[in-house]
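The values are calculated or read from the model by the stated rules, or taken from the named source; none is laboratory data. All values reported here derive from a predicted model rather than from experimental measurement. Virtual Cβ from ideal backbone geometry, glycine too; neighbours counted across all protein chains shown. Note: accessible area is taken over every heavy atom of the protein model, side chains too, but ligands, DNA and RNA are not part of it. Shrake-Rupley method; radii C 1.70, N 1.55, O 1.52, S 1.80 Å.
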Amino acid sequence: MAEYTIVSVADVPDQAAEVGMDPDHFEIRFLRESLDLRNFSVTFERFGGGWQPPQGHPHRRGHRHTIQEEVYFLVSGRAQGKFDGEVVDIGPWTAVRVPPETVRSFRAAGEEDAVFVTIGAPQAGLDDVEFVPDYWTD
């Protein structure tokens, strides 16, 4: 018999509050455990459009990893990514690869939500994350 796993993203708990983000303006659903992934991670992320967080807010932070490389695939909306200080505009149906050591952060660009599917490998979990506060300064 074939082995596979099917998961509705809506059935995976939103963990925005657990990772220090505002659930009114951000949504993050880690699919690794629900899909029983062994070698990589998949995450659904929604950045609320038309909202600028105040200074000191967790949405202004960036992050990097020790070992996990990530690919961010923008499914809908428009976004900006910031990579080691360089801001880049990202359109829908665009993939961005980020090596572990590069500090990165994303936000919606415009009034529409920016929705990403993020793939990371090797699977490392939250222990591999280093946060950089106040990464967005504007």
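Things worth noting here:
- Burial order of peptide ranges 72-80, 85-93 (average beta-carbon count within 10 Å, highest first): 72-80, 85-93
- The chain: relative contact order in percent, alpha carbon pairs under 8 Å with at least 6 residues between: 29
- Only Lys, Arg, Asp and Glu carry charge here, each on its Cβ (+1 for the first two, -1 for the last two); on that basis the chain has a dipole of about 240 debye about its Cα centre.
- Rounded to whole numbers, the Karplus 3J(HN,Hα) couplings from phi for segment 57-62 are 6, x, 5, 8, 7, x Hz, using 6.51 cos²θ - 1.76 cosθ + 1.60 with θ = phi - 60°, and x at Gly and Pro.
- Karplus 3J(HN,Hα) series, Hz, for segment 37-47 with 6.51 cos²θ - 1.76 cosθ + 1.60 (x for Gly, Pro): 6, 10, 10, 8, 10, 10, 9, 9, 9, 10, 9
- Here segment 37-121 has an Rg and Dmax of 12.6, 38 Å, counting Cα atoms alone.
- Using θ = phi - 60° and Karplus 6.51 cos²θ - 1.76 cosθ + 1.60, couplings along segment 114-129 (whole Hz; Gly, Pro as x): 9, 10, 10, 10, 10, 10, x, 8, x, 4, 10, x, 6, 5, 8, 9
- Shape category assigned to segment 76-138 from the gyration tensor of Cα positions, a/c cut at 1.5: oblate
- Probe 1.4 Å, protein heavy atoms only - accessible area per residue of the chain in square angstrom: 56
- Rounded, prolate or oblate (a/c below 1.5 giving rounded, otherwise prolate when a/b exceeds b/c) for segment 1-86 by Cα gyration tensor: prolate
- Placing unit charges on the Cβ atoms of the charged side chains and taking the dipole of segment 50-98 about its Cα centre, the candidate lying farthest along the positive direction among 81, 58, 98 is 58.
- Taken over segment 29-69, the convex hull of the Cα atoms encloses 98 Å³ per residue.
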